[in-house]
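The values are calculated or read from the model by the stated rules, or taken from the named source; none is laboratory data. Keep in mind that this is a model prediction, so the values were computed, not measured. When we count neighbours, we look across all protein chains shown, and the Cβ atoms used for this are built from the backbone with ideal geometry, even at glycine. SASA here: full protein model, heavy atoms, side chains in, ligands and nucleic acids out. Shrake-Rupley method; radii C 1.70, N 1.55, O 1.52, S 1.80 Å.
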There are 2 protein chains.
Amino acid sequence: MTGQTTPGEFDLIRHYILNATKQRDDVVLGVGDDCALLNIPPGQQLAVSMDTLVAGRHFIPNVDPTSLGHKTLAVNLSDLAAMGATPAWATLSLTLPAAGATWQNWLGQFMQGFQGLAKQYQVQLVGGDTTRGPLSITAQVHGFIEPGQALRRDTAAIGDKIYVSGTLGDAGLALRDQQGQYKLSESERRILIPRLNNPTPRIALGIKLKGLAHAAIDISDGLGADLSHICTASGVGAIIQAQQIPLSETVQHYVQKTAEWNLPVSAGDDYELIFTVPKAQQTAVLQAVHSVSVPIACIGQITADQTVKMILPDGNTHPLGSGYDHFQ
Amino acid sequence: MTGQTTPGEFDLIRHYILNATKQRDDVVLGVGDDCALLNIPPGQQLAVSMDTLVAGRHFIPNVDPTSLGHKTLAVNLSDLAAMGATPAWATLSLTLPAAGATWQNWLGQFMQGFQGLAKQYQVQLVGGDTTRGPLSITAQVHGFIEPGQALRRDTAAIGDKIYVSGTLGDAGLALRDQQGQYKLSESERRILIPRLNNPTPRIALGIKLKGLAHAAIDISDGLGADLSHICTASGVGAIIQAQQIPLSETVQHYVQKTAEWNLPVSAGDDYELIFTVPKAQQTAVLQAVHSVSVPIACIGQITADQTVKMILPDGNTHPLGSGYDHFQ
């Protein structure tokens, strides 16, 4: 909580952050000193992840600030979920274009979204920074995991089944609606816009998968790109069946109408998990996941040939690259 | 290391960050997965601090990138120094205006400065993000400290002597030179510009002070503002003697010429430490600090009256506020 801030910025921090979160017993010293002081439980490793959201690139500048606060923490918690880690603390750096009532109001709403989600996962905001400049947000999350239990990218094995959680392409279709490229009905919008603006980090699922799944990643860049990250890190390939990809009714309708698989495969921003499961653990995984109400679907298999491919409904095979615009 | 990055940005990260730092034994998994996985030594607390630097506010956009890389890490390490913590890991989020050769070159130089300082303090870069947008940098540092040993802001006691390290106002005068408000000679510039662009975090001093000093803070906002932070947090006041403030020859000359104490008291960006020492520990502190070649000077005393004041050379008393522009 340092840097060349003005007294006004200190006030903003004090007002919205200092008194904001439920205290955790493992926070010795939170916001307000040069550093936060934190206790790690004995026998646990620390998992950390940092993400930045920039106005005009990751969100439209006039996005609802409450949703943006939620999403800022959600995309970071999603990285903990992808490792199977249990969330504990967050730090937050906010760069705001100006001071004054408008931005104080904006910040109040942003913090409401951020802290609302933080509360759900017993996450305490322990530090950060506030600066003046083009609107941008960086957050870091910190979680715990037992040694050797983390779900990594580099541990997929040939023959593993590939699973995804939830449905894919919802956030991408909502974005196209908001950008005027596609028109959703009001009832479709009510379902899909929250998938874009208020994603749910799959924390409970990740925790259930640790020690059972081989490799995992969260889908931020798109199924093709993120599955490629797993395959590259693990030195393997993958083949998936397009028709096995779980789709919401609206996205299913869209794909039927357009025959365009780019949306569920490459749009990204869904923050679902992809994970690979050895055949021997499939039953155990299905049992473990049963208690968390997140649907999972098997969409393919890890292969030896180091390419990532998708079999389309017409039987043709299509390569899936690592770039999220690969299909376009 | 997630977010909607393009393949080009992933390449930048891979090239400059993945292979960049010496590996520490306590890093189980560094850059390249959803999270870094880290081991905290048993019996140690984790100290974390995050700072953001924005182009046009914290640095001029055409500043030497190597210096900026150094300064990004230095201002963060300075927060660990102010707590007495031993540095361990860093995360780094870079927002760059564009890709291409110019920015690849810029990033190479930036990382050279960042990693050069990281190496000095055995700090390993373990994660972060790269995004496209207005030039801005956020870094977080992580260090260790024994429970109960941290130098906090809220522990100054009435009667404590107030010390500062190094000399104050150097960075401020260098900034005025760079902004054309004051003209340094070439020999003065050689000494003062590095004080602005390549500050030295007082890590060794902070470690020596832990368990001996009462309260500490690093001077980022200026002596008046940062001493006020200590006093506010501790519920005390302070009185300092202007003539006891350690000044470099150039700043001394400037103050004599202009009779303007704003520079050493309010300019900030010096990243020296202010700390308070109970009378009984003064000898122990002087002995402990002797082995680190950082000069320290006693400039005043903590008082009961909850105001922060400075006695000027003419005998007049001047209030020191919490805003860093208070004097202007």
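Pop a pseudo-label 7 angstrom from the Cα along the beta-carbon direction at both B:A204 and A:T155 and give the gap in nm to one decimal.
4.2
Calculate how steeply helix A:223-234 sits against the longest principal axis of the alpha-carbon atoms of chain A, using the helix alpha-carbon long axis, and give the answer as 0 to 90 degrees to the nearest 10.
Result, in degrees: 90.
If I take R0 = 22 Å and measure r between the Cβ atoms of B:Q241 and B:L286 in this structure, what FRET efficiency does the formula 1/(1 + (r/R0)^6) give, to the nearest 0.05?
Efficiency, from the Cβ-Cβ distance: 0.75.
Need the per-residue list for region B:193-223: every residue with at least 20 Å² less accessible surface in the complex of protein chains than in the chain by itself, probe 1.4 Å, sorted by number.
So the qualifying set is B:S220, B:D221.
Could you let me know the centre-to-centre spacing of region B:214-260 and region A:184-201, using Cα atoms, in angstrom?
That distance is 54 Å.
Given a 1.4 Å probe and every protein chain left where it sits, what share in percent of the accessible area of region A:136-176 is carbon and sulfur?
54
Residue by residue through region A:194-205, what is 3J(HN,Hα) from phi via Karplus (6.51 cos²θ - 1.76 cosθ + 1.60, θ = phi - 60°)? Round to whole Hz and write x for glycine and proline.
x, 5, 7, 8, 10, x, 9, x, 8, 4, 4, 5
Read phi for every residue in region A:149-161 and hand back ³J(HN,Hα) as whole Hz from Karplus 6.51 cos²θ - 1.76 cosθ + 1.60, θ = phi - 60°, with x for Gly and Pro.
Ordered by residue, 3J(HN,Hα) equals 9, 5, 8, 9, 8, 9, 10, 6, 10, 4, x, 4, 7 Hz.
Give me the 1.4 Å probe accessible area per residue for region A:187-328, excluding ligands and nucleic acids, in Å².
With all protein chains present, region A:187-328 gives 41 Å² per residue.
Compute accessible area for region B:73-101 by itself and then with all protein chains, 1.4 Å probe, and report residues whose area falls by 50 Å² or more.
By number: B:M83.
What are the distances, in nm and sorted shortest first, from the label point of B:H318 to the label points of the same position in each other copy, with each label point placed 7 Å from Cα along the Cα-to-Cβ direction?
7.0
Express the carbon and sulfur contribution to the solvent-accessible surface of region B:185-328 as a percent, rounded to the nearest whole number, probe 1.4 angstrom.
Reported share for carbon and sulfur atoms: 50 percent.
Among the lysines, which have Cα under 24 Å from the Cα of A:K257 when same-chain residues fewer than 8 positions away are ignored?
A:K183, A:K309
Accessible area per residue for region B:79-121 in Å², computed with a 1.4 Å probe and the full protein assembly in place, what is it?
About 31 Å² of surface per residue is accessible.
Long-range amide H contacts for A:Q124: which residues qualify at under 5 Å (H placed 1.01 Å from N, peptide plane, sequence gap of 5 or more or a different chain)?
Excluding prolines and chain starts, which carry no amide H, the hits are A:W89, A:A90.
Going 7 Å from the Cα of A:I191 along its beta-carbon direction, which residues of region A:219-256 have the amide nitrogen within less than 11 Å of the resulting point?
Zone members listed by number: A:247-254.
Quick one: work out the % antiparallel among DSSP beta bridges in region B:23-181, nearest 5.
70
Are there residues in region B:125-141 whose accessible area shrinks by at least 10 Å² when all protein chains are included rather than the chain by itself, and which are they (probe 1.4 Å, ligands and nucleic acids not counted)?
B:G128, B:D129, B:T131, B:R132, B:P134, B:S136, B:T138, B:Q140
Mind checking how much accessible area A and B bury in total, 1.4 Å probe, in Å² rounded to 100?
5500
Return the long-range amide H neighbours of A:V308 (sequence gap of 5 or more, or a different chain), with a cut-off of under 5 Å between placed amide H atoms.
A:A238, A:L320
Which whole-Hz ³J(HN,Hα) couplings does region A:96-103 yield from phi under the Karplus relation 6.51 cos²θ - 1.76 cosθ + 1.60, θ = phi - 60°, glycine and proline marked x?
10, x, 7, 8, x, 4, 4, 6
Using a label point 7 Å beyond Cα on the Cα-Cβ vector, give me the inter-copy distances for B:P295 in nanometres, one decimal, shortest first.
Reported distances to equivalent positions: 7.3 nm.
Mind checking the dipole of chain A: about its Cα centre, +1 per Lys or Arg Cβ, -1 per Asp or Glu Cβ, Debye to the nearest 20?
400
Between the DSSP loop rule and a limit of at most 14 other Cβ atoms within 10 Å, which trypsin sites (Lys or Arg not before Pro) in region B:173-215 are left? Present the calculation step by step, with values, prior to reporting the outcome.
Numbers: sites: B:R176, B:K183, B:R189, B:R190, B:R195, B:R202, B:K208, B:K210; in loops: B:K183, B:R202, B:K210.
Within region B:173-215, the qualifying trypsin sites (Lys or Arg not before Pro) (loop, at most 14 other Cβ atoms within 10 Å) are B:K183.
Taking A:P41 in one copy and the same position in all the others, each labelled 7 Å out along Cα→Cβ, what are the pairwise distances from the first, in nm, shortest first?
Relative to the other copies, A:P41 has label-point distances of 2.4 nm.
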